[in-house]
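This report refers to the structure that appears directly beneath it.
The values are calculated or read from the model by the stated rules, or taken from the named source; none is laboratory data. Not measured: the values here are computed from a predicted model. Cβ placement follows ideal geometry from the backbone for every residue including glycine, while neighbour counts extend to all protein chains displayed.
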Amino acid sequence: MALYSEKVMDHFTNPRNVGELENADGVGEVGNAKCGDIMKIYLKIDDNIITDVKFNTFGCGSAIASSSMATEMIKGKSIDEALELTNKAVVEALDGLPPHKIHCSVLAEEAVKAALKDYYDKNNIPYDKALFPDCDSCAHCADH
Ligand code: FES
């Protein structure tokens with residue numbers, strides 16, 4: 001069996017929503033200290049809806065495929081729906097990732113959340129801090 005699904009290869013070789021958004025309403029940048037990969041997501045938000053989203057990922061193929069898929073999954077969705085995006089949902093949408101590449105999808109979930117948090121912060125919108133666990137206390141980087 002091939003290591004990567006056709007969907008992973010498709011989103012890696014032909015990633016959707018690559019680039020930057022000028023005057024983005026929210027920008028999230030996250031990195032993984034271990035592999036050194038960095039992901040940045042830009043959101044345009046109108047009336048609680050994510051009207052546009054772009055990403056730049058300096059990282060492995062799985063990270064690029066995960067960010068591409070994540071942007072597709074949140075485009076046109078409400079903030080609340082985007083907050084519910086999990087790395088597991090991204091992996092499922094990609095028809096799976098090898099176990100040692102799951103952390104790449106975690107980066108996508110974290111980048112989306114970081115961009116939404118940035119939007120809340122910029123607009124002084126109150127939110128439940130539990131939605132955005134502090135990076136320092138987050139276990140993701142420690143367990144791979
Ligand atoms: Fe680290 Fe893919 S190897 S994000």
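Quick notes on this one:
- Of the helices (runs of 4 or more DSSP H) entirely within the stretch 43-106, those holding at least 1 residues that are of a type in the set (A, V, I, L, M) and under 18 Å from residue 7 (Cβ atoms) occupy 61-74, 87-93.
- Every residue from the stretch 17-58 that is on the phi > 0 side of the Ramachandran plot, surrounded by fewer than 14 Cβ atoms within 10 Å (Cβ to Cβ) and away from the ligand (no atom under 13 Å from the Cβ): 19, 23, 47, 48
- Qualifying residues in the stretch 59-92 (those that are surrounded by 23 or more Cβ atoms within 10 Å (Cβ to Cβ) and of a type in the set (Ser, Thr, Tyr)) - the one farthest from the ligand (Cβ to nearest atom): 71
- When residue 109 is tested against (1) without any contact (Cβ under 8 Å) to a residue 40 or more places away in the chain; (2) within 11 Å of the ligand (Cβ to nearest atom), exactly one condition is not met: (2).
- Test for residue 131: is it aliphatic (A, V, I, L, M) and modelled with pLDDT of 95 or more: no
- Set 45, 64: member being modelled with pLDDT of 95 or more, under 16 Å from residue 119 (Cα atoms) and among the aliphatic types (A, V, I, L, M): 45
- Checked against the criterion of being modelled with pLDDT under 95 and of a type in the set (Gly, Ala, Ser), the stretch 19-29 has no qualifying residue.
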